[in-house]
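Visitor: I'd like to ask some things about the structure below.
The values are calculated or read from the model by the stated rules, or taken from the named source; none is laboratory data. These numbers were taken from a predicted model, which means no experiment stands behind them. Note that each Cβ is placed from the backbone with ideal geometry, even for glycine, and that neighbours are counted across all protein chains shown. Accessible surface areas use protein heavy atoms only, side chains included; no ligands, DNA or RNA. Shrake-Rupley method; radii C 1.70, N 1.55, O 1.52, S 1.80 Å.
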Amino acid sequence: MAVMSTYTRRRLSDAPFLAAATGAAPARRPVWFMRQAGRSLPEYREVRAGIGMLESCFDPELVCEITMQPIRRHGVDAAILFSDIVVPLKAAGIDLDIVAGVGPVVTTPVRTAADIQALPRLRPEEVGAVTDGVRLLVEELGQTPLIGFAGAPFTLASYLVEGGPSKNHERTKAMMHGDPTAWHALLGVLTDITIVFLRAQLEAGVDAVQLFDSWAGALSLADYRRYVLPHSERVFAELAETGVPRIHFGVGTGELLGAMGEAGADVVGVDWRLPLTEAVRRVGPGKALQGNLDPAVLFAGWPVVEAEARRIADEADSALAMGAAGHIFNLGHGVLPETDPGVLTALVELVHEL
């Protein structure tokens, strides 16, 4: 069945974000921020008061409101769906919660072949609250594109195997190296879940998708190629027929950028550790780049923020001359919770002038 069988996608041919993502010439340099909807905004804290994170993610009206907040406040060139990478796991029936100050915590970690065998699969109707939120947003957003997203199979696997966030990923790597058969079975299940989740968002009307491999930077290039790349490739391949831009992003992934580009995305996100001119060398020509202002720089005062933003725009222009298909200005990771929203608004205005 075709992904867009129940939905006629909005025509947003003039949207700068989509132009840059697809190798066309945008009318202005597009900018959006990972975690632009969230704790940095007082209106977010107000609307989330007393409501758990996962509960918020399954409330369509709240998803719509929170996603819209940075559009109204900052005038960014794309909205990103308010959700969490563990939402499809929770929807499928895996017992987990997002604990304040900790992150996702899994009640019963996945450690054995039997655990993997017992994992539930995701059915599209189980994320109906998310897709209802997408449909509300499509009505609200006008000419602003909406980015859907999911966690990549490796990052989801790390949460499931470790039982929560991990600094060293020792249990994850032990399974990966010690029982490759079980490892690939686990990533196969998670790849299926990720595809179902992204397809549901696409059918509901998102205009682009981003795959977050938040923990992939913990891997060597050889291990990434052997144990992760085939599964991420399958996610992007399954979405190719939709024709929407596909973005791939991880943190600390400078050494992996070439392989991450090979996975099949149209846009490769770059964190702050690597200049965009080096990123284009590693990714190769023909793909757009996204990034890559250090989120911590936003605390250094406006003159520093402005200088760094101009530097990144210059590096991006050089990367375009070296063969990058486009540039989308972003941070090198998510907006930090204590960030001054006024600095973000001013940064959007500056980027639009560059």
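Visitor: Please specify each residue of region 81-123 satisfying the condition of being assigned to a loop (DSSP other than H, G, I, E, B), farther than 15 Å from residue 150 by Cα and open to solvent by less than 70 Å² (accessible area, probe 1.4 Å).
Guide: Matches in region 81-123: 93, 94, 109, 110, 112, 119, 120.
Visitor: Does residue 130 satisfy the criteria of being in a helix (DSSP H, G or I), under 26 Å from residue 67 (Cβ atoms), in contact (Cβ under 8 Å) with a residue 40 or more places away in the chain and touching a Cys at 6+ places or on another chain (Cβ under 9 Å)?
Guide: Yes: the conditions hold for residue 130.
Visitor: Considering only residues of region 333-349 that are open to solvent by 10 Å² or more (accessible area, probe 1.4 Å) and assigned to a helix (DSSP H, G or I), which is nearest to residue 296 (Cα to Cα)?
Guide: Filtering region 333-349 for residues that are open to solvent by 10 Å² or more (accessible area, probe 1.4 Å) and assigned to a helix (DSSP H, G or I), the one nearest to residue 296 (Cα to Cα) comes out as 343.
Visitor: For region 36-74: of the residues being over 19 Å from residue 201 (Cβ atoms) and among the polar types (S, T, N, Q), which is surrounded by the fewest Cβ atoms within 10 Å (Cβ to Cβ)?
Guide: Filtering first and then ranking leaves 69.
Visitor: For the subset of region 200-220 comprising residues that are within 10 Å of the chain's Cα centre (by Cα) and open to solvent by less than 10 Å² (accessible area, probe 1.4 Å), which member is modelled with the lowest pLDDT?
Guide: 213
Visitor: Another question, then. Do the conditions hold for residue 28, that is, is it touching a His at 6+ places or on another chain (Cβ under 8 Å) and either open to solvent by 10 Å² or more (accessible area, probe 1.4 Å) or among the acidic types (Asp, Glu) (or both)?
Guide: Against the criterion (touching a His at 6+ places or on another chain (Cβ under 8 Å) and either open to solvent by 10 Å² or more (accessible area, probe 1.4 Å) or among the acidic types (Asp, Glu) (or both)), residue 28 qualifies.
Yes/no matrix, rows are residues, columns are (1) part of a loop (DSSP other than H, G, I, E, B); (2) modelled with pLDDT under 95:
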site: 231; (1), (2): no, no
site: 234; (1), (2): no, no
site: 240; (1), (2): no, yes
site: 244; (1), (2): yes, yes
site: 247; (1), (2): no, no
site: 252; (1), (2): yes, yes
site: 255; (1), (2): no, yes
site: 260; (1), (2): no, yes
site: 268; (1), (2): no, no
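Visitor: Residue by residue through region 309-332, note down the ones that are open to solvent by 50 Å² or more (accessible area, probe 1.4 Å), in a helix (DSSP H, G or I) and either touching a helix residue (DSSP H, G or I) at 6+ places or on another chain (Cβ under 8 Å) or closer than 24 Å to residue 296 by Cα (or both).
Guide: Result: 310, 311, 314, 317, 318.
Visitor: Sort out which residues of region 133-154 are part of a helix (DSSP H, G or I) and either of a type in the set (A, V, I, L, M) or buried (at least 24 other Cβ atoms within 10 Å of the Cβ) (or both), and write them in order of number.
Guide: 133, 134, 136, 137, 138, 153, 154
Visitor: With (1) surrounded by 22 or more Cβ atoms within 10 Å (Cβ to Cβ); (2) without any contact (Cβ under 8 Å) to a residue 24 or more places away in the chain as the list, and residue 292 as the residue in question, which single condition is left unmet?
Guide: (2)
Visitor: From the residues in region 241-274 that are touching a strand residue (DSSP E or B) at 6+ places or on another chain (Cβ under 8 Å) and either of a type in the set (Gly, Ala, Ser) or farther than 30 Å from residue 199 by Cβ (or both), which one is most open to solvent (accessible area, probe 1.4 Å)?
Guide: It comes out as 272.
Visitor: If the Cβ limit is 9 Å and pairs must be 6+ apart or interchain, which residue in region 340-354 that is more than 12 Å from residue 36 (Cβ to Cβ) pairs with which residue that is hydrophobic (A, V, I, L, M, F, W, C) and open to solvent by 50 Å² or more (accessible area, probe 1.4 Å)?
Guide: Final answer for the pair search is 340/299; 343/299; 343/302; 346/302.
Visitor: Right, something else. Looking at (1) touching a strand residue (DSSP E or B) at 6+ places or on another chain (Cβ under 8 Å); (2) part of a loop (DSSP other than H, G, I, E, B), find the lone condition where residue 50 falls short.
Guide: In the conditions (1) touching a strand residue (DSSP E or B) at 6+ places or on another chain (Cβ under 8 Å); (2) part of a loop (DSSP other than H, G, I, E, B), residue 50 misses (1) alone.
Visitor: Kindly indicate whether residue 297 is at pLDDT 95 or above, open to solvent by less than 10 Å² (accessible area, probe 1.4 Å) and more than 15 Å from residue 327 (Cβ to Cβ).
Guide: Taking the combined requirement at face value, the residue does not satisfy it.
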